[in-house]
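Worksheet: one structure, shown below.
Throughout, read-outs are computed from the coordinates displayed, never taken from laboratory work. Nothing here was measured: the structure is a model prediction, and the numbers come from that model. Every residue, glycine among them, receives a Cβ derived from its backbone with ideal geometry; neighbour counts consider all protein chains shown.
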Amino acid sequence: MIIINTTKGPIKVKLDFENTPVTAQNFVDYAKEGFYNGTLFHRVIEGFMVQGGGLLPGMEDKRSGKPAIKNEAEKGGKNKVGTLAMARTSDPHSATAQFFINVADNAFLDFKSATTQGWGYCVFGHVIEGMDVVEKIKAVPTTSRRGHQDVPVDDVLIESVEIVEPAK
């Protein structure tokens, strides 16, 4: 189990090492090195998702220096309320550290085919406790800042990510 400690409260997450081992381990590796500490939930869209793990206060990019991982969406779960998925660019295999928590059932993000348009977004875990915290995050007022839209007016920080059970 993983605990994402935020300025709105803790979110407990179970990662899916069975179906998405590369993605789950990637998240654990970032957590172990403290990468997520002090990063923002920088994109919050009611009825869609809350995204974080890659920007610092002031909307400054936090670079990892690690290579992108292979998209395991074909083996992951569905993008349903309370699931964690990897954020990426238009390149299906470009995910690094950023992730999002679905606050709606987002079937249009699910794997459909091994094509640029069909890869989808890899679900690698789900919230087991703390959806009330996710609800608090999704309810914050947002604005545009430094070329980004849907940015919380007041920073919502990931204070730390704890690994409660050892990774597989």
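Subtract the Cα-Cα distance of Thr115 and Lys66 from 0.36 nm times their separation in residues, and report this length gain in nm to one decimal.
15.2 nm
Taking the beta-carbon count within 10 Å as an exposure proxy, list Ser94, Ser64, Ser144 from fewest neighbours to most.
Numbers: Ser94 14, Ser64 17, Ser144 9.
Lowest count first: Ser144, Ser94, Ser64.
Quick check on my link table: of Lys8/Lys62; Lys62/Lys138; Lys12/Lys75; Lys14/Lys62; Lys62/Lys112, which ones sit more than 27 Å apart, alpha carbon to alpha carbon?
Lys62/Lys112
Treating the beta-carbon of each Lys and Arg as +1 and of each Asp and Glu as -1, no other charges, what is the dipole magnitude of the range 67-114 about its Cα centre, to the nearest 20 debye?
On the way: 6 positive and 5 negative charges, 11 e Å.
The calculated dipole for the range 67-114 is roughly 60 debye.
From the phi of every residue in the range 27-41, what ³J(HN,Hα) in whole Hz does the Karplus formula 6.51 cos²θ - 1.76 cosθ + 1.60 yield, where θ is phi - 60° and glycine or proline is x?
For the range 27-41, the Karplus-derived couplings read 4, 4, 4, 4, 5, 4, 7, x, 4, 6, 4, x, 8, 9, 7 Hz, x marking Gly and Pro.
Which whole-number percent is the relative contact order of the chain (Cα, under 8 Å, 6+ apart)?
On the way: 411 pairs, mean separation 58.8, N = 168.
Contact order relative to length: 35 percent.
Name the shape class, rounded, prolate or oblate, that the alpha-carbon gyration tensor gives for the range 2-163, where a ≥ b ≥ c are the square roots of its eigenvalues, rounded holds for a/c under 1.5, and otherwise prolate holds if a/b is larger than b/c and oblate otherwise.
Rounded is the answer for the range 2-163, as its axis ratio a/c remains below 1.5.
Quick one: dipole size for the range 2-163, taken about the Cα centre, charges +1 on Lys/Arg Cβ and -1 on Asp/Glu Cβ, in debye to the nearest 20.
Dipole magnitude for the range 2-163 comes out near 240 debye.
List Leu84, Leu157 from most exposed to least, where exposure is judged by having the fewest other Cβ atoms within 10 Å.
Leu157, Leu84
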